[in-house]
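**Q** Just passing along the structure, written as structure tokens.
The values are calculated or read from the model by the stated rules, or taken from the named source; none is laboratory data. Just so it is clear, the model here is predicted, and its values are computed rather than measured. Glycine gets a Cβ as well: all are built from the backbone with ideal geometry, and neighbour counts include every protein chain shown. Ligands, DNA and RNA are excluded from the accessible area calculation, which covers all protein heavy atoms including side chains. Shrake-Rupley method; radii C 1.70, N 1.55, O 1.52, S 1.80 Å.
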Amino acid sequence: MTEKVWLESADPSVMLDRLATRASPRRLRLFATACCLQTWEAFEYECDRDAILVAEQFADQLVGEEVRFSAEQNLAVSHDFLNVDYEFALNATYYLLAKDFSIRDASLCVRTMSDSAPNLKSGSEASQTSLLHEQANNLRDIFGNPFRPVSFDPRWRTSDVVDVARGIYEDKAFERMPILADALMDAG
């Protein structure tokens, strides 16, 4: 894969293959979680939505292995109780809760969610293409450009920068990004 292909690709599965040596389980799980959050409407059962949120918290080490395992067990029991037909989106939550999350799990989750696009309210071939494009953009946002890695100068990690960045991330308050930009400029 060339840098041009990376920057223009709308196929996250191919892009994930390029990341084989630099993809941490945390980033992979966060990427897969973002793909599920994009199609939140596909998850009609609370147990699936809970699984997505637990997967995100587990990636960020906000919950431990026991919570991940409990969510995985709850998912299986709930689906059995509800007599759920294991369709498109439902399998994604199982992939998300895998103990040792890998590129394979992320690829399966991404493919499952993109395959579900025609079954969503706005379902069409166009929405599947659009969803794949959004997933590829998410991948670029989370992993950056592997052809031009960014070196983060430790001097930029002032207490103001770290506090603002942490607040943005924890509160999902991305409208505060200009404040972070100002803090980074102040840090040089």
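**Q** Between 0 and 90 degrees, rounded to the nearest ten: what's the tilt of helix 65-82 against the longest Cα principal axis of the chain?
**A** For 65-82 against the chain, the angle is about 30 degrees.
**Q** With springs only between Cα atoms under 10 Å apart, run a GNM on the chain and tell me which of LEU139, LEU28, LEU53 wobbles the most.
**A** Looking only at LEU139, LEU28, LEU53, the biggest GNM fluctuation is shown by LEU53.
**Q** Out of ARG157, ARG29, ARG140, any idea which swings most in a Gaussian network model of the chain, alpha carbons joined below 10 Å?
**A** The residue that fluctuates most here is ARG157.
**Q** Against the longest principal axis of the chain, how steep is helix 125-143, in degrees 0 to 90 to the nearest 10, with axes from Cα atoms?
**A** It works out to around 40 degrees.
**Q** Now a separate question. Tell me the accessible surface of ASP182 in square angstrom (1.4 angstrom probe, heavy atoms of protein chains only), to the nearest ten.
**A** Per-residue accessible area (ASP182): approximately 90 Å².
**Q** Next question, about the same structure. If you build the Cα gyration tensor of the chain and take the root of 5 times each eigenvalue, what three semi-axes come out, in whole angstrom, biggest first?
**A** 30, 21, 16
**Q** What relative contact order, as a whole-number percentage, does the chain give when Cα pairs under 8 Å and 6 or more residues apart are counted?
**A** 27 percent
**Q** Further question: Using a Förster radius of 35 Å, what is the FRET efficiency between ARG49 and ARG104 based on their Cβ-Cβ separation? Nearest 0.05, please.
**A** 0.90
**Q** Between ASP171, ASP17, ASP48, where does the largest GNM mean-square fluctuation fall for the chain, given springs only between Cα atoms within less than 10 Å?
**A** Top of the fluctuation ranking is ASP171.
**Q** A further question on this structure: Just check the stretch 30-84 against the gyration tensor rule for me: Cα atoms, a ≥ b ≥ c as the square roots of the eigenvalues, rounded for a/c under 1.5, and otherwise prolate or oblate depending on whether a/b exceeds b/c.
**A** Oblate is the answer for the stretch 30-84, as a/c is 1.5 or above yet b/c matches or exceeds a/b.
**Q** Same structure, new question: Which whole-number value in Å² is the accessible area per residue of the chain, probe 1.4 Å?
**A** Heavy-atom SASA per residue in the chain reads 57 Å².
**Q** Something else now. Could you give the longest part of the chain that holds none of the GluC sites (Glu not before Pro) found in DSSP loops with at most 16 neighbouring Cβ atoms within 10 Å?
**A** 88-188
**Q** Share of the chain's accessible area from carbon and sulfur, percent, 1.4 Å?
**A** Answer for the chain: carbon and sulfur cover 53 percent of the accessible area.
**Q** On to the next question. Going 7 Å from the Cα of MET185 along its beta-carbon direction, which residues of the stretch 154-170 have the amide nitrogen within less than 16 Å of the resulting point?
**A** Of the residues in the stretch 154-170, 161 have backbone N under 16 Å from the label point off MET185.
**Q** Suppose every Lys and Arg Cβ carries +1 and every Asp and Glu Cβ carries -1, with no other charges. What dipole size does the chain come out with about its Cα centre, to the nearest 20 debye?
**A** Once rounded to the nearest 20, the dipole reads 740 debye.
**Q** Can you tell me the orientation of helix 159-171 relative to the chain, as the angle in degrees between its alpha-carbon axis and the longest Cα principal axis, to the nearest 10?
**A** The helix 159-171 is inclined about 20 degrees to the chain.
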